[in-house]
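Visitor: After the structure tokens below, expect a handful of questions from me.
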Amino acid sequence: MQESKKTYSNNWFNTPFYHILYKDRDYAEAQLFIDNITEYLNLPENAKVLDLACGRGRHSIYLNKLGYNVVGADLSENSIAFAKKCENDTLHFEVKDMREPFNEKFDAIFNLFTSFGYFENSEDNLTALKAIKSSLNDFGFAVLDFMNVEKVAENLKSEETKEVDGIVFNIKRWIENGYILKNIVFDFEGKHFDFTEKVKALTLEDFETLMEQAGIYLLDTFGDYKLHKFYKKESDRLIMIFK
């Protein structure tokens, strides 16, 4: 049995294997980033916050614990079903395509940990940015946390084998036609799986062009989760604050 990534809504992000492979992500670092960025934004008490492409909602839950009224949205039905178990009066989850604006307006919209640029059609990147802008209220800010493509390209690890929970993931990475691709192959319970993540290699200049087209004002950029200055050759992240 083989399955492969075809579109943005492909099966990979909707499988338990995606969460198994990435289970060891540094969530302490992620919480530090959320602490830093919410302090920087100086959000009002009980601010309405959208966690866009929230996955299973771990960061939405943390934002909610900080006192915010949070909506977590993701295209993966399985992830949202998992996250809904944690809902409360000020924390809600819904299945949503980030290319579609929300009916309600938010004080802040977070798109964290390279959850952008996975569209099959690159024009959808502009559509998504326009949707984010239209979902902000007049005083709202958006935070888009992306990889620093120039540093990633320079240090791309072409092949890697990683064992998690008894599953051996064989991973290959390469750059092709303006995309960074990661092929993930493994066997589980006698079945063979073959997925490919494909993300647009968007530089700061690419985002600046898109934002200009979307009528977005880029307020600030940072290069890591401690909110240090962005350097295109050195920074680990590309974090953009806009409205």
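Visitor: Just the number, please: carbon plus sulfur as a percent of the accessible area of the chain, 1.4 Å probe, no ligands or DNA/RNA counted. All intermediate terms of the calculation are to be shown ahead of the outcome.
Guide: Working: 5590 of 12240 Å².
Reported share for carbon and sulfur atoms: 46 percent.
Visitor: Something else: Pull up the cross-link candidates among the aspartates and glutamates for LYS162, meaning alpha carbon to alpha carbon under 19 Å and not fewer than 8 places away within one chain.
Guide: Within reach: ASP24, ASP26, ASP187, GLU189, ASP194, GLU197.
Visitor: Which entries in LYS23/LYS226; LYS96/LYS198; LYS96/LYS157; LYS130/LYS157; LYS182/LYS232; LYS198/LYS229 show an alpha-carbon gap greater than 24 Å? Please report the intermediate quantities before stating the final value.
Guide: Details: LYS23/LYS226 22 Å; LYS96/LYS198 20 Å; LYS96/LYS157 33 Å; LYS130/LYS157 33 Å; LYS182/LYS232 22 Å; LYS198/LYS229 28 Å.
Result: LYS96/LYS157; LYS130/LYS157; LYS198/LYS229 exceed 24 Å.
Visitor: Each label point is 7 Å from the Cα along the Cα-to-Cβ direction; what then is the distance between the points at ARG25 and ASN137, in nm?
Guide: 2.8
Visitor: Another one. Taking all protein chains together and a probe of 1.4 Å, list ASP187, ASP74 from the most accessible to the least accessible. Let's see the in-between values first.
Guide: Values: ASP187 100, ASP74 25 Å².
Greatest to least solvent exposure: ASP187, ASP74.
Visitor: Now for a separate question. Please compute the modelled spin-label separation between SER122 and LYS162, points set 7 Å along Cα→Cβ, answer in nm with one decimal.
Guide: 2.7
Visitor: I would also like to ask the following. Add +1 for every Lys or Arg and -1 for every Asp or Glu among the other residues with Cβ under 10 Å from the Cβ of ASN148, and state the total.
Guide: Details: positive: LYS151, LYS232, LYS233, ARG237; negative: GLU150, GLU154, ASP224, GLU234, ASP236.
In short, -1.
Visitor: Alpha carbons only, please: Rg and Dmax for the chain, in angstrom.
Guide: Answer for the chain, Rg first and Dmax second: 17.6, 54 Å.
Visitor: By accessible area of protein heavy atoms, probe 1.4 Å, what ranking do TYR217, TYR27, TYR231, TYR118 get, highest first?
Guide: These residues rank, largest area first, as TYR217, TYR231, TYR27, TYR118.
Visitor: Evaluate the distance, in nm, between pseudo-label points positioned 7 Å from the Cα of VAL95 and of LYS233 along their respective Cα→Cβ axes.
Guide: 4.8
Visitor: In terms of the Cα gyration tensor, with a ≥ b ≥ c the square roots of its eigenvalues, is the range 8-104 rounded because a/c is under 1.5, prolate because a/b exceeds b/c, or oblate? All intermediate terms of the calculation are to be shown ahead of the outcome.
Guide: On the way: a/c = 1.86, a/b = 1.32, b/c = 1.41.
The shape class here is oblate.
Visitor: Just LYS191, LYS105, LYS96 to compare: in a GNM of the chain, with alpha carbon springs under 10 Å, which one fluctuates most?
Guide: Looking only at LYS191, LYS105, LYS96, the largest GNM fluctuation is found for LYS191.
Visitor: A follow-up question, please. For the chain, take the longest principal axis of its alpha carbons; what is the angle in degrees between that and the long axis of helix 123-134, to the nearest 10 within 0 to 90?
Guide: 30
Visitor: What ranking do 133-142, 159-168 get when scored by the average of other Cβ atoms within 10 Å per residue, highest first? Working shown, then result.
Guide: Values: 133-142: 17.2, 159-168: 11.1.
Output ranking for 133-142, 159-168: 133-142, 159-168.
Visitor: Evaluate the relative contact order of the chain (contact order divided by residue number), counting alpha-carbon pairs under 8 angstrom at least 6 apart; express in whole percent. Working shown, then result.
Guide: Working: 461 pairs, mean separation 45.8, N = 243.
After rounding, I find 19 percent.
Visitor: Sticking with this structure for a sec: Suppose the chain between LEU218 and LYS84 were pulled fully straight at 0.36 nm per residue; how much longer would it get relative to their current alpha carbon spacing? Working shown, then result.
Guide: Numbers: separation 134, 0.36 × 134 = 48.24 nm, distance 3.29 nm.
So the chain would gain 44.9 nm between LEU218 and LYS84.
Visitor: How big is D for the range 57-192, in µm² s⁻¹ as a whole number, if Stokes-Einstein is applied with the Kirkwood radius of its Cα pairs at 37 °C and 0.692 mPa s?
Guide: Values: Rh = 17.5 Å.
For the chosen part, D equals 188 µm²/s.
Visitor: For the range 35-171, what is the accessible area per residue in Å², given a 1.4 Å probe and the full set of protein chains?
Guide: Values: 6470 Å² over 137 residues.
Per-residue accessible area for the range 35-171 comes out at 47 Å².
The values are calculated or read from the model by the stated rules, or taken from the named source; none is laboratory data. None of these values were measured; they are calculated from a predicted model. Glycine also receives a Cβ, built like all others from the backbone with ideal geometry; neighbour counts cover every protein chain displayed. Note: accessible area is taken over every heavy atom of the protein model, side chains too, but ligands, DNA and RNA are not part of it. Shrake-Rupley method; radii C 1.70, N 1.55, O 1.52, S 1.80 Å.
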